[in-house]
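Written below as structure tokens is the structure these notes are about.
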């Protein structure tokens, strides 16, 4: 056994593992050796770390719980953070637009006094202009249901299947299937206003009949309308309608003077008609000097067609710019052309203009005529076509060819066979008449001329009348001469 001196001697030296093994009979480790000689071991490191954790836990234990705070580590201690600092610690950035919103919201809240309680259903926030915001009801809310849509000042609910929008509209729940849009549109309409469309300010007022289509400022606005089925499109159109029904007026002030007329069609600015069954198309067609006419069954087509005619003329036709009837109330007078009245009679057809025209009085003579007054002619001389010319003409009987039998260059596009190919006609060959006329030096009488771009020839049989009369006169002179010779012979 060792004594105290021997152990003290051992403390002054560094023992080896072999030596320690000899002392205690076990295998010594490096850790054991370190404890023996006073060197810091791994256990000491662990103890140091535990002391730091204890300090941090003391920090956490001393924190006061607050709503919105949370614990983060700053590398040395645990602390609490909130707001922008917390977002930064968490790596959550906030954009400039959100920052601006936050600033604006703060400014807004500090500028306005907001209501402290909620409003009622359908109300909106309004300001008094001085910073106080409150809930208020709309003065003219738009109401939508499964069967109607309506809204505007003083607008009551219309009937089902309706759309009514605008201030002062005057429909009611008795009017179904109506569509009304515009300031003061459809005011004072009656209970029979169903199935109608009115679009335009101050349009379609005082209507008490259904199936109307009215579009335009002040269209159909003056009278109490009891006639149904009118279509009026254009500012001030049909504004005098009352009992008139089933009319179609399209254009500014179209049909504006018609009050009681039915089944009329007027298309064009200032077109008009006041009785029944008229068709008037073109600027101021049928307008007359007083913007109206009272005739029935007239057809006026063209700008100013039928203008300045008689107010009560019936069943007339005017086609062309400024074609007219007359100041007298002629009936069944048909005028086609430019700026003229035609023949001054009923039951006539006139074609041309004020310079020259042809006409047919089909109610009496049924023949075509032209102006032939010597007071409008000059340079008279005897006809140079007479008996010799007539004798060389070749009257023929003929039928028309089928198109398949005609040179294609002479056939117009779209031409079809005549329906009377088997019928015979009496007449002349145009080439023969042309050759005979040229033989006698006449080229400009219009007896033969080209009819169209194909070069086909046409004839004026009327122009043969004068040579025939001349031929008869020449033949009569010969007969008279022969008769005189016979008489002289005592025959």
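Where a number appears in this text, it was derived from the coordinates with a stated rule and is not lab data. The model shown is predicted, which means the values in this text are computed figures rather than measured ones. Positions of Cβ are generated from backbone atoms using ideal geometry, with glycine treated the same way; all protein chains shown enter the neighbour counts.
Quick notes
- Compared with the alpha-carbon gap, the fully stretched path from residue 125 to residue 402 is longer by 91.1 nm at 0.36 nm per residue.
- Using the Cβ-Cβ distance between residue 469 and residue 161 with R0 set to 56 Å, the FRET efficiency works out to roughly 0.15.
- Applying 0.36 nm per residue to the separation of residue 177 and residue 417 and subtracting their alpha-carbon distance, the gain on full extension is 81.1 nm.
- FRET efficiency for the residue 208 to residue 137 pair, using the beta carbon distance and R₀ = 35 Å, is estimated at 0.55.
- A viscosity of 0.890 mPa s and a temperature of 25 °C, combined with the Kirkwood radius over C-alpha pairs in the Stokes-Einstein formula, give the stretch 387-472 a diffusion coefficient of 168 µm²/s.
- Cα→Cβ-extended label distance, 7 Å offset, between residue 438 and residue 409, nm: 1.6 nm
- Simple spin-label estimate for residue 377 and residue 457 in nanometres, 7 Å along Cα-Cβ: 2.6 nm
- Maximal additional length on extending the residue 339-residue 243 stretch stands at 31.1 nm, based on 0.36 nm per residue less the C-alpha distance.
- Ranked for footprinting exposure by Cβ neighbours inside 10 Å, fewest first, 304, 112 give 112, 304.
- Model label sites at residue 365 and residue 116, defined 7 Å from Cα along the beta-carbon direction, differ in position by 10.5 nm.
- Mean Cβ neighbour count within 10 Å, used as a protection proxy, ranking 241-254, 342-355 highest first: 241-254, 342-355
- C-alpha center-to-center spacing [the stretch 155-174, the stretch 342-411] in angstrom: 66 Å
- Listed by Cβ neighbour count within 10 Å, with the fewest neighbours leading, 418, 370 appear as 370, 418.
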